[in-house]
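Asker: One structure coming up, written as structure tokens, with questions to follow.
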Amino acid sequence: MKLHLDNPASRNLITGYGEGYVAINHRHFETSLIVLPDRIVEPWGAGGFDALSEDDFDALRALAPEILLLGTGNRQRFPAPSLLRPLIEARIGCEVMDLPAACRTFNI
């Protein structure tokens with residue numbers, strides 16, 4: 001079986017990640033952001049994980065994704081249930097994982 005990379009130019013691809021950054025289409029980002037298949041929304045969640053608010057999650061809900069992959073940095077950390085509740089009520093699936101796992105999963 002031969003495998004071929006299928007990445008149309010209009011689609012975002014996570015091309016790297018490391019301590020304090022993520023690379024999307026070879027462009028480095030050092031702030032929290034939202035990565036969609038066809039666009040990048042930045043900044044998001046100013047102040048990092050501990051400062052996440054209802055407004056941050058309202059912005060996610062407004063994008064109406066089918067599923068949310070929430071990368072939480074070097075380790076997996078779960079946001080308060082009250083922050084996730086509006087997404088769950090909107091029937092948006094939520095997967096919380098550390099940043100490396102979220103990057104690998106996004107590309108699949």
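Any read-out appearing in this document is the output of simple, stated calculations on the displayed coordinates, not a laboratory observation. Keep in mind that what you see is a predicted model, and the values were worked out from it rather than measured. Positions of Cβ are backbone-derived with ideal geometry, glycine not excepted, and every protein chain shown enters the neighbour counts.
Asker: Which residues' amide hydrogens lie under 5 Å from the amide hydrogen of Ser32, considering only partners 5 or more residues apart or on another chain, with H built in the peptide plane?
Answerer: Under 5 Å from the amide H of Ser32: Trp44.
Asker: Ser10 versus Thr31, label points 7 Å from Cα toward the beta carbon: distance in nm?
Answerer: So the two model labels end up 2.7 nm from each other.
Asker: Take every DSSP beta bridge whose two residues both sit in the chain, then give the antiparallel share in percent to the nearest 5.
Answerer: 65
Asker: With N set to the residue count of the chain, report its C-alpha Rg divided by 2.2 N^0.38 Å to two decimal places.
Answerer: Ratio of Rg to 2.2 N^0.38 Å for the chain: 1.08.
Asker: Out of the trypsin sites (Lys or Arg not before Pro) in the range 59-93, which ones are loop residues according to DSSP with at most 15 other C-beta atoms within 10 Å?
Answerer: For trypsin sites (Lys or Arg not before Pro) across the range 59-93 that sit outside H, G, I, E and B with at most 15 neighbouring Cβ atoms in 10 Å, the list reads Arg75, Arg77, Arg91.
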